[in-house]
Structure formats: C-alpha cells, structure tokens
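*Asks:* Next up is a structure, given as structure tokens.
The values are calculated or read from the model by the stated rules, or taken from the named source; none is laboratory data. Treat the numbers as computed from the prediction; the structure is a model and nothing was measured. Virtual Cβ from ideal backbone geometry, glycine too; neighbours counted across all protein chains shown.
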Amino acid sequence: MSQENQNDSLKTYALVKHTEGEETPQVMATVSIQLDESEALSFQPAPEKKDEQVDSAELIELQKKYDILMSSLPVGLLIINQEFLVGAEYTQVCEDILGQSDLEGKNLLDLLNVTDDERSKISTYLKSFIQTLGEPGTQNPVDILDIVPPSSDTENESEDMPEKDACQVRIGYQMISQAADGSAQVLVILENTTPIKTANEAVERTEKQVQRLEGIIVDPDLSADLIAELINSVNIAIDNLAKLKDSPDDSDTIASLSLNIHKAAGLSSGFGEEQTIALSEILLDTIQKVTQKEPPDNWIETCESSLNELAETITNLMETFQELTGLEIQEKPVKKLKIVGEDLTRLSESVSQLQINADEKKQLVEQINNLKSVSVYDGFSQTARMIQGIIDITDASAAFTIEESEALIDYALAQKLNEPLIHLFLHILKHNIDAPETRFDRNKVEEANISVSVIEDDEGLVVEMSDDGEGFDPEVVRQTIMEKGLMTQEALDEIADDDCLDLVFTPGYYQSDEDMQSAMSLDQIQAFVRDELNAEMFVDAELAEGTTFMIKIPKKAEDKPSESKPVKQVYGFNAGFYYLFEIDESGDCRASKIERDAVPEKVLKKWLADGTLSD
C-alpha cells in the first residue's frame with residue numbers, strides 16, 4: 001500500500017499491483033483514512049486463524065435432524081443451476097417422484113422424462129425465468145406435468161429403487177440467487193398430485209353414477225325406453241357393419257353406421273357410461289377417416305371388435321337397470337301413460353250418454369286423444385337426452401332447450417318426430433352455426449342456442465327447430481343453385497323471393513356431407529316428414545341472426561268436424577209417433593220425429609198390412 005496524498009488528518013492510500021516486466025504498478029483501489037495526530041497506521045500480516053474445536057456429538061445430532069427434515073417434507077425440493085443441473089441438496093421425495101436416486105449433477109429435464117414438446121416448453125421457460133426474473137424470491141406460475149419415470153434398465157439407476165408408475169406432478173420454480181456472470185440457483189418444488197387426481201376421478205365417477213341413478217329413479221319408464229333405443233341403435237350399427245363387409249364403399253350404409261353410433265353415444269351420456277362414450281369416439285374417429293377416403297388398415301375388423309365391446313357394455317347397463325328397478329327392457333317398449341281420473345270420468349259419462357251421431361263421436365275421439373297426449377317436454381324427453389349426449393360426445397359449443405308450451409302432443413307422434421329432429425340437429429351443427437370469432441364480432445354468446453318449440457292452432461301443430469347461427473342470404477341461395485346446375489335460370493326467375501329459401505331443400509344443394517355426420521341430407525329429411533308424417537316442412541331465416549325449420553302437421557281428418565251425408569233412411573212408428581232414422585257413410589245414425597204425411601205411402605201400406613198400423 002503506498003501513500004498518494006497527505007494532509008493534517010486525512011491520509012489517502014492506493015492499493016497497487018506490481019506485475020513483472022511492467023514499470024508502472026496498476027492501481028486496484030484507493031482508500032482514505034482519517035487519523036488523529038496521536039494515531040499511527042501500520043501494516044502487518046494477518047494472524048493465522050486457529051481451528052475451532054467442534055462438538056462432534058452436536059454435529060451428528062444436527063445432521064440427524066436435517067436428514068429427518070429432508071426425508072419427511074411432503075413436497076420435493078431441489079436446487080438447479082443455470083444449466084438445469086441438480087445440486088447436492090434435495091429432499092427424499094424428489095427421488096420417490098422421479099424414480100431415481102443420486103440426483104446430484106443430473107439434468108432436471110432428463111429426470112422429468114416428459115414429451116419432447118413439454119421438454120422444450122420447460123427449457124424455454126426456465127431460460128427466460130433465469131435471464132429476466134433475477135430477483136431472489138421470484139416465483140413462476142405452477143405447471144401440471146404427466147411424467148413417466150424411467151424403466152429399471154436406465155443407466156446409472158440404483159438397483160434398490162423400485163420401478164415407478166406414471167404420475168402427475170405439480171412443478172414450480174423460485175429464484176434463489178443470480179450473479180452478473182449468468183450463474184444462478186433456482187429452487188424447484190415438486191409435488192406428486194396423482195393421489196389427488198385419482199381421488200378427483202373417483203369423485204367424478206361417483207357423481208356420474210349418482211346422475212345415472214337419479215335419471216332412472218325420476219322416470220324409470222323413460223330410462224327403460226332410452227336403454228331399449230340404445231340397444232336398437234347398436235344392433236342397427238352391427239347390421240350396417242355386416243353389410244359393409246361385402247360393400248365397404250356403400251356411402252348410405254356408412255352414413256347409417258355413423259348416425260347410430262352418434263345415437264348410442266348420445267344416449268349413453270345420459271347414463272354416465274364413460275366406456276360406451278369412449279368406444280363410440282373410437283368408432284366415430286375411424287368412420288371419419290373412412291369418409292375422408294383414408295380408411296385405416298382392417299378398419300371393418302377394428303370397428304367390429306369395438307362394436308362387440310360396446311354391445312357387451314350396454315348389456316351390463318341393461319342388467320344393472322333391471323336389478324335396480326325390476327323392470328324388463330322391451331324391444332319395442334309400450335309407453336305407460338299417466339291417465340288423470342277426471343279424464344276417465346268424463347269419458348265414462350260420454351259413453352253412457354252416447355247417441356250414435358257424428359258430433360258426439362267427435363267429442364269422444366277428442367277426449368280419448370287427450371288421454372294419449374303428453375306435454376311437449378315429456379314428448380321430446382328422449383330427443384332431448386339424445387341431443388344432449390351428441391353435444392357431449394362431439395364437444396360442440398352449443399346448448400339445446402325445449403321451449404315451454406301449453407300445447408299437448410300425441411305421444412306416438414312425438415316418437416315419430418324424434419328421427420327428423422335428430423337429423424335436423426346434426427345438420428344445424430354442421431352447416432348453420434357461425435364460427436366462434438364470428439359470433440364474438442356479432443355480439444353473440446359463445447355457445448350457439450338451438451331450441452325446439454311446438455305451436456298449436458286450428459289447423460294442427462307446428463314443430464319448430466331454431467338456431468341463432470349464420471342464417472341464409474336469399475341471393476347466395478340462388479347463386480348456389482345456379483353454380484351447382486340444379487335449376488335453369490328461367491325456372492329460378494319464376495320463384496318468388498319469399499319462397500327462395502325453400503330452395504335449400506333441393507336435392508344436391510348440400511354436397512359437403514362427405515363426413516357423413518348425418519344419415520339424411522336436408523332434402524331427405526323433408527321427404528321423410530312428407531312421407532312418414534303426412535306433414536310439410538319449410539324454412540325461414542335471417543342473415544347472421546339464425547334459421548328456423550318448421551314442420552307443419554295438419555289435424556287428422558277424423559279430428560275435423562264434417563257434414564255427414566245420409567246414405568240410408570229408415571222409418572219407424574212407436575207409441576203413436578213417427579220417426580226417421582238417417583244412417584251416414586261412417587255408420588252414424590240420427591233419429592228425428594216426423595209427421596205422418598212425411599212417411600212414404602209405400603211404407604204406410606206395409607205397416608197396415610203387417611198390423612203395425614190400423615185404420
């Protein structure tokens with residue numbers, strides 16, 4: 001140390017470094033010291049530090065406590081450096097989670113044994129974490145990883161480490177220190193969340209079982225019908241697959257197979273049958289590849305195996321249901337309608353006062369019809385369960401509702417409507433729902449809303465299925481018809497603008513159904529409604545607002561009042577009065593009193609001859 005400057009009380013010294021071969025020493029640092037006149041500054045070598053005596057027993061006891069602490073912590077703690085290498089100190093839990101011993105010096109990413117994508121994600125994050133979040137104590141968001149500990153033949157693995165199963169781990173990082181040269185220490189926190197995951201899965205399974213039991217208990221008759229329909233759907237799918245063995249390219253059979261698997265999956269969802277849903281997803285994925293002309297090898301045999309397993313699962317469900325309720329699953333279930341006592345009383349009174357004529361017959365028919373009618377909600381309960389299941393199995397961003405209605409619907413008619421409504425729903429999912437970003441721009445909620453409603457008027461019933469999706473532009477409909485060559489310009493010009501939307505029912509308008517999400521195209525649905533229900537089907541839409549499909553079902557002829565035309569007249573005489581009996585085509589008879597002059601002369605002569613009348 002050399003003196004650079006000096007005054008009365010402040011002395012400044014420079015710490016210099018002498019390098020061999022250089023005349024001028026290099027100044028390393030300077031220091032200023034305040035001294036009184038009586039004080040002197042001297043330099044001398046520092047005394048050697050004597051070794052302190054250590055109590056070995058105390059050290060051993062501390063080590064034991066440390067070992068107990070490190071082995072009993074419920075989470076894994078280890079320290080890594082900037083190269084992700086594990087330090088010497090870590091808790092025992094780390095070895096248990098990672099399935100390896102002697103972690104010191106090993107790379108954390110190797111120890112985690114995650115997928116390449118996950119490894120890249122962790123590596124990128126940690127580098128950024130070390131470089132930009134250097135404040136000690138900084139923590140990152142927690143990640144959940146599925147890790148697979150290495151097999152027992154991994155190099156450098158201790159033989160006494162038992163083989164570990166795959167587990168789920170919650171991992172977090174906390175900065176300990178960071179130096180200017182880039183070196184760092186990061187605390188890694190590991191927690192095995194597999195027990196929590198397993199417990200949550202068990203709770204979820206229990207909740208689904210409770211859901212299934214609640215559905216059965218609330219309406220066992222409906223549950224029996226749904227299971228019967230489930231069995232029927234799988235049987236049809238098995239028949240479809242048998243046909244495809246001979247004709248693997250039959251698009252109609254592939255479409256039917258897809259539809260019935262959708263039905264099975266939808267119905268199973270209401271009962272919480274995870275295995276059935278999983279098998280249905282596998283089948284639908286395979287069918288999707290087939291319709292895209294990329295069939296997997298031996299796809300028919302693969303589907304057959306999955307279908308057989310599906311059938312076995314449904315059989316188990318049926319047996320469980322029968323044990324729980326004591327009810328038998330019928331192949332063609334008969335609906336047990338709940339009949340109100342007052343309706344029966346009125347029917348009895350009508351029968352007791354019955355006169356054989358058309359008006360009273362109409363009244364009796366109406367009362368009987370009321371007995372076999374149900375609410376719209378009850379009538380479409382099976383349809384609703386199936387559609388909700390389809391939403392679940394396809395992860396569709398849609399909600400389905402049945403609108404409240406005071407109308408009653410014939411139960412048998414509601415069952416017939418199930419088929420076209422399912423097809424319509426699948427069509428809407430594919431063609432009518434606007435994309436999420438488009439819905440956002442249009443200020444719509446994320447989930448598309450699809451609903452069914454029933455309106456009753458003097459002409460009959462109108463069943464509507466509506467959505468809040470894309471809607472239709474009439475000009476685009478006309479343009480599509482022309483581009484596909486479905487009509488000539490002259491024929492198209494004759495169609496009024498109000499009727500233009502109905503052109504979407506033109507065969508061939510929808511040719512994008514290559515994935516066979518529905519067994520029926522829109523024109524086929526309309527034909528089904530016409531042929532099977534004796535009804536008409538129309539469409540109404542507003543661009544960007546939504547579409548409504550309407551099925552108009554007229555009242556039956558016998559439900560409408562009609563004038564009876566007499567086809568036979570019979571005269572009678574009793575207790576001094578003359579009567580005319582008129583019998584119409586349906587067999588109804590109307591009786592009325594008449595005067596003697598109204599009786600034909602021929603009839604009077606006959607009565608006089610046989611003694612019915614006297615002179």
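*Asks:* Looking at residue 528 and the list (1) surrounded by fewer than 16 Cβ atoms within 10 Å (Cβ to Cβ); (2) aromatic (Phe, Trp, Tyr); (3) in contact (Cβ under 8 Å) with a residue 60 or more places away in the chain, which single condition is not satisfied?
*Replies:* That leaves (1) as the condition not met.
*Asks:* Now for a separate question. Applying the selection to the range 224-278, what residues are within 24 Å of residue 325 (Cα to Cα) and acidic (Asp, Glu)?
*Replies:* Listed by number, the residues that qualify are 225, 229, 273, 274.
*Asks:* Inspect all residues belonging to the range 492-513 and state whether any of them is within 27 Å of residue 374 (Cβ to Cβ), surrounded by fewer than 19 Cβ atoms within 10 Å (Cβ to Cβ) and in the same structural domain as residue 390 (by TED's automatic domain parsing).
*Replies:* No, the conditions are met nowhere in the range 492-513.
*Asks:* On the basis of being without any contact (Cβ under 8 Å) to a residue 12 or more places away in the chain and farther than 25 Å from residue 380 by Cβ, does residue 457 make the cut?
*Replies:* no
*Asks:* What are the pairs with Cβ atoms under 9 angstrom where one residue, in the range 294-314, is within 17 Å of residue 248 (Cα to Cα) and the other, located anywhere, is at pLDDT 90 or above and small (Gly, Ala, Ser)? Sequence gap at least six, or different chains.
*Replies:* 303/237; 304/242; 307/237
*Asks:* Check whether at least one residue in the range 97-107 is closer than 16 Å to residue 172 by Cα and among the hydroxyl-bearing types (Ser, Thr, Tyr), and report yes or no.
*Replies:* The answer is no, given that none of the residues of the range 97-107 is closer than 16 Å to residue 172 by Cα and among the hydroxyl-bearing types (Ser, Thr, Tyr).
*Asks:* Restricting attention to the range 74-125, which residues are out of contact with any Asp or Glu (no Cβ under 8 Å at 6 or more places or on another chain), in a loop (DSSP other than H, G, I, E, B) and modelled with pLDDT of 85 or more?
*Replies:* Scanning the range 74-125 gives 82, 83, 84, 102, 104, 105, 106.
*Asks:* From the residues in the range 298-327 that are outside any helix (DSSP H, G or I) and loosely packed, with under 14 Cβ neighbours inside 10 Å, which one is modelled with the lowest pLDDT?
*Replies:* Residues of the range 298-327 outside any helix (DSSP H, G or I): 298, 326-327.
Next, only the ones that are loosely packed, with under 14 Cβ neighbours inside 10 Å stay: 298, 326.
Values: 298: 89, 326: 72.
My answer is 326.
*Asks:* Return yes or no: is residue 392 assigned by TED's automatic domain parsing to the domain that holds residue 524 and within 23 Å of residue 527 (Cα to Cα)?
*Replies:* Values: assigned by TED's automatic domain parsing to the domain that holds residue 524: yes; within 23 Å of residue 527 (Cα to Cα): no.
The answer is no for residue 392.
*Asks:* Where in the range 359-452 are there strands (runs of 3 or more DSSP E), lying fully within it, with 3 or more residues that are more than 24 Å from the chain's Cα centre (by Cα)?
*Replies:* Per the criteria, 373-375, 408-410.
*Asks:* Ok, one more. If a residue has to be outside any helix (DSSP H, G or I), among the aliphatic types (A, V, I, L, M) and at pLDDT 90 or above to count, how many in the range 465-510 make the cut? I'd like the intermediate steps shown before the answer.
*Replies:* Initially, the range 465-510 is screened for residues outside any helix (DSSP H, G or I), giving 465-473, 484-488, 494-496, 506-510.
Checking which are among the aliphatic types (A, V, I, L, M) leaves us with 465, 486-487, 495-496.
If we keep only those that are at pLDDT 90 or above too, we end up with 465.
Count: 1.
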